[in-house]
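Structure first, then comments.
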Amino acid sequence: MRHFKETGVVDLDTLTKMGYVPDEIRLRRGPVAIYECVEEIPCNVCVFSCPFNAVSKNKITDLPQIDFSRCTGCGVCVGRCPGLAIFVVDVSKEGDTGYVTLPHELFPTPSKDGEVVLLDREGREVGKGTVTRVYRDKITKSWVVTVSVPKDLVMVVRAIKVIR
Amino acid sequence: MCLSDRRIYTHPILEFKRGKEITIFFEGKPIRAFEGESLAAAIYAAGINVFRLSPILKRPRAVFCMVGKCGSCIVRVNGIPTRTCVTPAEENMRIERISNLPEASKYEKRLVSEEIDVDVLIVGGGPAGMASAEVLCGTDLSVVLVDDQIRLGGQLIKQTHIFFGSRELFAGKRGFEIAEEYSNKLSKCPNVRVLDRTTVIGVFKEGVVAVSDEATYLIRPKYVVVAAGAYENYLVFENNDLPGIMGAGGAQTLMNVWGVKPGNEILVVGSGNVGLIISYQLLQAGAEVKAVIEALPRIGGWFVHAAKIRRYGVPILTSHTILGVKGSERVEEATIARVDEGWNVIRGTEKSLKVDTVLLAVGLTPNTEIVRQFGVAMKYIPELGGLVPLRTPYMETSVENVFVAGDLAAIEEATTAFIEGWIAGYSILIKAHGMKEEYLTKRENLVRMLYEYRSAPVSEKVRKGWQLSLIPCEVSAK
Ligand SMILES: Cc1cc2nc3c(=O)[nH]c(=O)nc-3n(C[C@H](O)[C@H](O)[C@H](O)COP(=O)(O)OP(=O)(O)OC[C@H]3O[C@@H](n4cnc5c(N)ncnc54)[C@H](O)[C@@H]3O)c2cc1C
Ligand code: SF4
Ligand code: SF4
Ligand code: FES
C-alpha cells in the first residue's frame, strides 16, 4: 500500500495501527467515532467540540486520542471537524445493516429517507444506501448525514452522492 | 461571442449577497451586473472570455489574479483604463477592450494632498493588519489602516472552508465570517480609520504615500506595521497566458466572493493546501475537477484536505507537470506528463485533458515592495517563501518602529498572521506607553502561542526559516 501522503487515501491497517479503530466489543456496543486524522496538524476543534470529553490532545499538534469508552457516537464532532475527517460507524443493530454518519457539503443536499450512492475513500461507487438522519450543524452549516450501508462496508463508505 | 451565465445561484454553504441589479455595456452590448460587485466578475459572469489584447502580439487576456496585481483585466471604463477586478460595478458603465498601451498622461490622478499625521500606519487589511488594528483599537493612538481591495479581510474573504486551529483562534469558523466580524469591529473603533480601495505606493522622505480613486494621501506615521501579504507564483508552460488560466487565489475570489464559477472542467496545478482546498470548493460550486497534478512524488498539503477531494473521485497525480495548453479564445485542452525525480519530463507519458480552466496553485511570494522602501534588512530564505524582512521575535524590523506581520514575513497561515499582527500591535503599545505589565504578559503569551503552533511536523520548513530570519530584540523590549 502506498503512503497516504502519496495517494490521499488512508487504509484500515494504518488507522488500526494509529489506534483509531475500536475493538469488536466496543463496535458491537453502539455507534462510535472513527477519526481519520492521521497527520499531526495544529488543530483541536474536535477536542473542544466533544460534549463527552472523549477526545484529547496534549499539544495542539498531537494526533487526537479517542477514548472509545467515553465516546457515545453522538456525531457532534463530525459536523465540526474542519478536515471532514471524522465519521461515526454503527454495527450494533441486528441484521446486515450498518450505519455511517458523515459530513456533507455538496449539492444536491440529502433528505431523510432519500436514496444515495455510497462512495469509498477514492470516490468509487460501492453500493446504495438510505439516509436515516440528517441535520445541519448550527456553527459550520455542514450537513451531518447518517446513511444505512451493508454492515461490511462501514469502514469503506466515506462519502455519498445524492440522487435526485 | 457566445454569452453564457457563469453565476452560482445555489451553493451548499454560501449565500451570495448581491447588490441591486444594474446594466453595464461591454463593447456596446448590454450585460447584467450587480451594483458594487467586482466589475471583472460581472464581465466574466456574462461569459466574456477576452477582456483585452496584449499591446504587441495581440494575444487575448482575461482575469488572472482578481486582486489588482496582474493587469490582465484592464479595459477602458467610461473612457479611462481601469483594473476592473478591484473596481465596483456601477449602472451604465461603458466598457471597451484595450488592444494597445493606454495613454497614461491623460488620466493622471487628482492630487488632493491631504496630509495625515498619525501614530500608527498599517499597510494591508488582511488578518495580520486587522489584528494589529484590533490591539490598538480603543487606545489613545491614532491609527490609519490602508487596504487596496473592495472588501476588507485580505485572503480571508475568499476562504469558505472551516478553520483549523485552536478555540481561541477562531477554529471552527469560516474565513469570510471572521473577516466580516473584524471589518464590523474596526468600523466601530473611534481611533482607527480604514482607507479601503487605497494603495500604498511608496515611502518617501516626507512620508508614506497612499492613493485611492478620490485622493492622494501623504501619511506621516510614528509607527508602521507592514502587512501586505503575498502574491501568487506563476508557472512557465506553452500558452500560459491564455484566458482560462488563473491563479488559484484569483479563481477563489471569483467563485467565493462574487459567486461566479471560474470554469466547468478544471485542472489544478499544485497540491499544496491552496490547490487542494480550491479543488474542494470547485466541487461545491458545481464544477468538475479533472485532476490535481503535483511535480513532487508526494502531496504537498495536509492529508485531510487531500482526502476530501479523493472521496469524490478527484485524482491527485503526483510526479506530474503541465506542458502546455491549447485553445483559441480560452483554454480547451491541457497536456500533462510524468516527471522523474529531477523534474525531467518522461517522454511518452504525455496525456491530454479536455479542460476549459487551469488553476495555478504553485506557491506564494511575500509582497515586500513597500517594506523594502523603508530600508529594512532583507534576506533570501526559501523556507519562508523567498526574500523576507528580518525581524525580532516582537516583529520589529531592522529599522526602528517599522514592524511586519503575516505572509510578507513568512508564507504561513491566517492563524499565525493574526498572532503576529497582535504581537506587532502590543509591541507598538509598549513602545508608546512604556513597559506595562499587562501588555508584556499578553505579548509573551502570544509569542509562546506562535511557538507552539509551529511545533507540528507540517511546520518544519517555517520553523527552520524562522530561525534564519531573527535578529536580536532591542534592549528596551527586555
Ligand atoms: C486557498 C487558501 C486557503 C487557506 N487556508 C487557511 C486556513 O485554513 N487556515 C489558515 O490559518 N490560513 C489559511 N490560509 C492562509 C492565509 O489566508 C494567509 O496566510 C493569510 O491571509 C495571510 O494574512 P496577511 O494579513 O499576511 O495577508 P493577506 O491576507 O494577503 O492580506 C494583505 C492585504 O494587504 C493588501 N495590500 C498589499 N499591498 C498593499 C498596498 N501596497 N497598499 C494597500 N494594501 C495592500 C492586500 O491586497 C491584502 O488585502 C489560506 C490561504 C489560501 C490562499
Ligand atoms: S461522536 Fe460524540 S462523543 Fe464521540 S468523539 Fe465525537 S463528539 Fe465525542
Ligand atoms: S478537528 Fe478534525 S482535523 Fe482537527 S484535529 Fe480533530 S480530527 Fe483532526
Ligand atoms: S489585476 Fe485584475 S485580474 Fe489581475
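Any read-out appearing in this document is the output of simple, stated calculations on the displayed coordinates, not a laboratory observation. These figures come from a predicted structure and were not determined experimentally. Don't worry about glycine lacking a Cβ; one is built from the backbone with ideal geometry, like all the others, and counts go over all protein chains shown.
In terms of the mean number of neighbouring beta-carbon atoms within 10 Å, the peptides B:14-22, B:82-90 order highest first as B:82-90, B:14-22. Each Lys and Arg contributes +1 and each Asp and Glu -1, all at the Cβ; summed about the Cα centre of the protein assembly as shown, the dipole is approximately 700 debye. The P(r) of chain A has a tail past 20 Å containing 49 percent of all C-alpha pairs.
Note on residue A:16 and residue B:205: their simple-model spin labels are 7.6 nm apart, each label 7 Å out from Cα toward Cβ. Each distinct pair of alpha carbons in the range B:245-364 adds a 1/r term; the inverse of their mean, the Kirkwood radius, is 14.1 Å.
With a 10 Å cut-off around each Cβ of B:204-211, the average count of Cβ atoms from other chains is 0. At q = 0.07, 0.09, 0.13 Å⁻¹, what is the log10 ratio I(q)/I(0) for chain B, with the Debye formula run over Cα points and no solvent? The calculated log intensity ratios at q = 0.07, 0.09, 0.13 Å⁻¹ are -0.37, -0.62, -1.28.
Can you bin the range B:239-286 into rounded, prolate or oblate? Criterion: square roots of the alpha carbon gyration tensor eigenvalues sorted a ≥ b ≥ c, rounded for a/c under 1.5, prolate for a/b above b/c, oblate for the rest.
The shape class here is oblate.
With the charge dipole of the range B:245-364 set up from +1 on Lys and Arg Cβ and -1 on Asp and Glu Cβ about the Cα centre, the Cα lying farthest toward the positive end among the listed residues B:276, B:331, B:343 is that of B:276. Rounded, prolate or oblate, given the Cα gyration tensor of the range B:14-63, with a/c below 1.5 counting as rounded? Verdict is prolate for the range B:14-63. Using the Cα centre of the range A:4-162 as the reference point, and only Cβ charges (+1 on K/R, -1 on D/E), how large is the resulting charge dipole? Debye, rounded to the nearest 20. For the range A:4-162, the charge dipole is close to 560 debye. Three principal axis extents describe the C-alpha atoms of the range B:1-101; from largest down they are 43, 26, 26 Å. Sorting B:315-326, B:230-241 by average packing, meaning the other beta carbons within 10 Å per residue, from highest down gives B:315-326, B:230-241. For the range B:190-291, the alpha carbon positions stretch 53, 35, 26 Å along the principal axes, listed from largest to smallest. Legend: distances between Cα atoms for A:161/B:461; B:185/B:308; B:158/B:308; A:59/B:442; B:17/B:290; pairs beyond 26 Å are A:161/B:461; B:185/B:308; B:17/B:290. Among A:18, B:388, A:86, flag the residue with its Cα farthest along the positive direction of the charge dipole of the protein assembly as shown, charges on Cβ as +1 for Lys/Arg and -1 for Asp/Glu. My answer, from the dipole projection, is A:86. Dipole check for the range B:319-406: with +1 at the C-beta of Lys and Arg, -1 at the C-beta of Asp and Glu, and the Cα centre as origin, the magnitude is about 140 Debye. Shown for the protein assembly as shown is the translational diffusion coefficient from the Stokes-Einstein equation, using the Kirkwood radius over Cα pairs, a temperature of 20 °C and a viscosity of 1.002 mPa s: 82 µm²/s. For the listed peptides A:52-60, B:359-367, B:136-144, a ranking on the average number of other beta carbons within 10 Å per residue, highest first, reads B:359-367, B:136-144, A:52-60.
Rounded to 0.05, the FRET efficiency of the residue B:220 and residue B:349 pair, given R0 = 51 Å and the Cβ-Cβ distance, is 0.30. Mean partner shielding of peptide A:34-41, defined as the number of other chain Cβ atoms within 10 Å of each residue Cβ, is 4. Counting, for every residue in A:104-110, the Cβ atoms of other protein chains within 10 Å of its Cβ and taking the mean gives 5.
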